[in-house]
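Reading through the structure tokens given below for one structure.
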Amino acid sequence: MTDSTPLSAVSNRYVIILAGGSGTRFWPLSRNDKPKQLLSLFDNETLLEKALRRVVGIVPLDHILVLTNPSQVAGIRAALPDFPVDNILAEPERRDTAPAIALGMGWVAARNATAAVAVLPADQLVQDQTLFQTVLEECFQLAEASDALVTLGIKPTWACPGYGYIERGERAYVNGYSGRAAVFHVTCFREKPAPELAEEFLSKGNYSWNAGIFIWTMAAFLQETGAHAPELADLVHELRRAGDFNAVMQNQYGHTIRNSIDYALLEKSERVLNVEAGFDWDDVGGWISVGKYLEKDEAGNMVRGALTQLDSEDNLVYSTTGTRIALLGVRDLIVVQTPDALLIADRGDADRIKKLIEIIPPELL
């Protein structure tokens, strides 16, 4: 919260942290009950703890909802021992981000029917917390002034084919918005492009990476879901009026569409604005992403743990066991060691770890 933010605005703001992902690309470190957001990949703090720390200064602690699934509740409580238990909500089943966000909006609506809400993933890495908070506060102000669906995009630093993109159109000027960040109308959302198309997006300069961070008022969300995804609006209304929130959630959640919020709502709405952020950002999509933040030795090996190497270059070595790993004459490998499993893969096959999971014994998942 900045000194210029009215207390009345802060008391009306909420944050939903989406923490139900699986993170299978991080096997053998990640498991069904310990997904990516519950891993301490870079230091002693989990990605979920980092996400929570980024928003605690923006809204009161009891205005933050961590939305997950039943298999991860215990792990989240262990990671966040001081976080309110009632603010950890498990969706009855995985149905993608559209129903999950509607469920979270219903939880907020039951507490404040006129709230402004930010939705963000639990498993991203942002190192400049101060700039993140400044931009998020401006997005809250924009959402409150415009009653539009606000998307927070990331300024691309390279032509990444692994991210979704937001195409910006004309500049938008909104009465009541005084933030420094420029605001644009959204032309369309683009799925993960082919490498040559990603290069084109980067050269054009009007494309942002889609960070999956959204900010809107309750009124704007209900109006737009009512027009484009009425079953989501209906769920929010029913949860807001519910005498027994959990009973309504269990009975109604399975009737919602299984869809992402991009497809179900944002790509259909004509009231979507974009703010492009310049803070550092990484969705930490796999071991290759982690390697960028590990210590490097003189041969370019990215290391967390004890390593001895001879004539070995550009390997990623990650161990949680304390056991020394020795490499001889190899390059471009991923080596991940845990107490009960060892992964050795070519770095070029990092995306295929999800395929490997399909044949791993269930007791190791």
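All of the numbers you see were taken from the coordinates with simple rules; none came from a lab. Quantities reported herein were computed from a predicted structural model and do not represent experimental measurements. Positions of Cβ are generated from backbone atoms using ideal geometry, with glycine treated the same way; all protein chains shown enter the neighbour counts.
Quick one: which of 299-305, 47-53, 179-185 comes out on top by average Cβ neighbours within 10 Å, and what's the full order, highest first?
47-53, 299-305, 179-185
Only helical DSSP H runs with n ≥ 4 go in: add -39500 (n - 2.57) per run for the chain, normalise by residue count and round the 222 nm mean residue ellipticity to 500 deg cm²/dmol.
Calculated mean residue ellipticity at 222 nm is -8000 deg cm²/dmol.
Looking at the P(r) of the chain, how many percent of alpha-carbon pairs lie beyond 32 Å?
Summing the P(r) tail past 32 Å for the chain gives 35 percent.
Could you give the length gained on full extension between LYS354 and THR320, defined as 0.36 nm per residue of separation minus the Cα-Cα distance, in nm?
In short, 10.2 nm is gained.
Using the alpha-carbon centroid of each, what span in Å lies between segment 287-322 and segment 16-34?
First find each Cα centre; the distance between them is then 22 Å.
Size of the dipole of the chain about the Cα centre, Lys and Arg at +1 and Asp and Glu at -1 on the beta carbon, nothing else charged, in debye to 20?
Charge dipole, the chain, about its Cα centre: 320 debye, nearest 20.
Return the percentage of antiparallel bridges among DSSP beta bridges fully within the chain, rounded to the nearest 5 %.
Antiparallel bridges make up about 50 percent of those DSSP assigns within the chain.
Compute the Rg/Rh shape ratio of segment 1-151: radius of gyration over Kirkwood radius, all on alpha-carbon atoms.
On the Cα set of segment 1-151, Rg over Rh gives 0.96.
For the chain, find the longest principal axis of its Cα atoms and tell me its angle to the long axis of helix 47-56, 0 to 90°, nearest 10.
So the helix axis and the longest Cα principal axis differ by about 30 degrees.
On a 0 to 90 degree scale, rounded to 10, what angle separates helix 97-109 from the longest Cα axis of the chain?
So the inclination is approximately 50 degrees.
Please list, or write none, the lysines whose alpha carbon is within less than 29 Å of the alpha carbon of LYS354, excluding same-chain residues fewer than 8 places away.
LYS354 reaches LYS34, LYS36, LYS50, LYS155, LYS192, LYS292, LYS296.
Treat the count of other C-beta atoms within 10 Å as a stand-in for reagent exposure and order CYS139, CYS188, CYS160 from fewest to most.
Ascending number of Cβ neighbours within 10 Å: CYS188, CYS160, CYS139.
Cα axis of helix 195-204 to longest principal axis of the chain: angle in degrees, 0 to 90, nearest 10?
50 degrees
Starting from the Cα of ASP147, step 7 Å along the direction of its Cβ; do the same at ARG53; then give the gap between the two resulting points in nm.
Spacing of the two 7 Å Cα→Cβ label points: 4.0 nm.
Taking amide H atoms as placed 1.01 Å from N in the peptide plane, list the residues 5 or more away in sequence, or in a different chain, whose amide H sits under 5 Å from that of GLN309.
LEU327
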